[in-house]
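J.: Got a structure for you, questions after.
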Amino acid sequence: MKNQLNKFALATALGMATLTVQAADNFVGLTWGQTDNNIQKSGALNRNLDNPNLDKVIDGTGTWGVRAGQADQDGRYYVTYENLSDTDSGYKLRQQNLLGSYDVFFPLGENGTQLFAGGTLGLVKLEQESSGAKRDSDIGYAAGLQVGILQNLNKNASIEAGYRYLRTNASTEIAPHGGSKLGSLDLHSSSQAYLGASYKF
């Protein structure tokens, strides 16, 4: 009897999962936004490089992203990849994000407008590519939240505006070619305001 109940529960769960997948629409999309980073520096780095302003390296940097996922009337889940880099005062940083997100929809009236809010988990790769320094990179974890507003244009296409905040622990080092380490820098947080467009199929 217990085995039969277990089989029934498993069949029910699989059936509901199948219905959920069937009811959801696949979608792909593009995003463009501006990213700002909060960089924390080691004491050694501040002493050796006269307190460099590394927060200015990626500050309002244009960021393209691609995403793919599934959505239904209640929410969506999706994977996003982003690649961005920028320079300031001879310092160059590159950031790559691979993120999994889930949003819940909150409809506003009958015109296809929806608010959304959700959470994100993923990986961030931070690369230090400054002139005169050895290249260094690290992959860290990321966790954050996003909110925004979405407008359905028709049954397939939508546009949106959003804001995402991530906390990360990616860290790199700065050292001259052939020299010893001058210090380290940590990517403490990353924020982005963005516009996006998606197509369901």
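Every number here is computed from the coordinates shown, using simple stated rules; none is lab data. What you see is a predicted model; the values in this text were computed from it and never measured. Backbone-built Cβ (ideal geometry, glycine too); neighbour counts: all protein chains shown.
J.: Put a dot 7 Å past each Cα toward the Cβ at residue 59 and residue 199; how far apart are the dots in nm?
T.: Here the answer is 3.8 nm between the modelled labels.
J.: Taking K and R as +1 and D and E as -1, what net charge do the other residues with C-beta under 12 Å from the C-beta of residue 96 add up to? Please list the in-between numbers first.
T.: Numbers: positive: 94, 125; negative: 82, 127, 138.
Residues close to residue 96 contribute a combined charge of -1.
J.: While we're here: For residue 30 and residue 113, calculate 0.36 nm times their separation in residues minus their Cα-Cα distance, and state this gained length in nm to one decimal.
T.: 28.0 nm
J.: Quick one: what are the phi-derived ³J(HN,Hα) couplings along segment 26-34, Karplus 6.51/-1.76/1.60 with θ = phi - 60°, whole Hz, x for glycine and proline?
T.: Ordered by residue, 3J(HN,Hα) equals 6, 8, 10, x, 10, 10, 9, x, 10 Hz.
J.: Shifting gears a bit: Please work out how many pairs of lysine residues in the chain are eight or more positions apart (or on different chains) and have Cα atoms closer than 24 angstrom.
T.: Lysine pairs meeting both conditions in the chain amount to 16.
J.: A follow-up question, please. I'd like the FRET efficiency for residue 177 and residue 123, computed as 1/(1 + (r/R0)^6) with the beta carbon distance as r and R0 of 22 Å, rounded to 0.05. Could the numbers behind the result be given before it?
T.: Details: r = 28 Å, r/R0 = 1.28.
In this case the efficiency is close to 0.20.
J.: Also: Net charge within 15 Å of residue 80 by Cβ-Cβ distance, Lys/Arg positive one each and Asp/Glu negative one each, not counting residue 80 itself? Numbers along the way, then the final one.
T.: Working: positive: 67, 76, 125, 164; negative: 82, 103, 160.
Result for the local shell: +1.
J.: Using C-alpha positions alone, give me the convex hull volume of segment 25-200 per residue in cubic angstrom.
T.: Normalising the Cα hull of segment 25-200 by residue number yields 91 Å³.
J.: Ok, one more. Between residue 153 and residue 188, what's the calculated FRET efficiency when r is the beta-carbon distance and R0 is 41 Å? Round to 0.05.
T.: Numbers: r = 37 Å, r/R0 = 0.91.
Once rounded, the FRET efficiency stands at 0.65.
J.: Treating the angle as unsigned and between 0 and 90°, give the value, to the nearest 10°, between the Cα long axis of helix 2-23 and the longest Cα principal axis of the chain.
T.: With rounding to tens, the tilt is 70 degrees.
J.: What's the extension gain from residue 73 to residue 161 if we count 0.36 nm per residue and subtract their Cα-Cα distance?
T.: Numbers: separation 88, 0.36 × 88 = 31.68 nm, distance 1.84 nm.
Additional length available on full extension: 29.8 nm.
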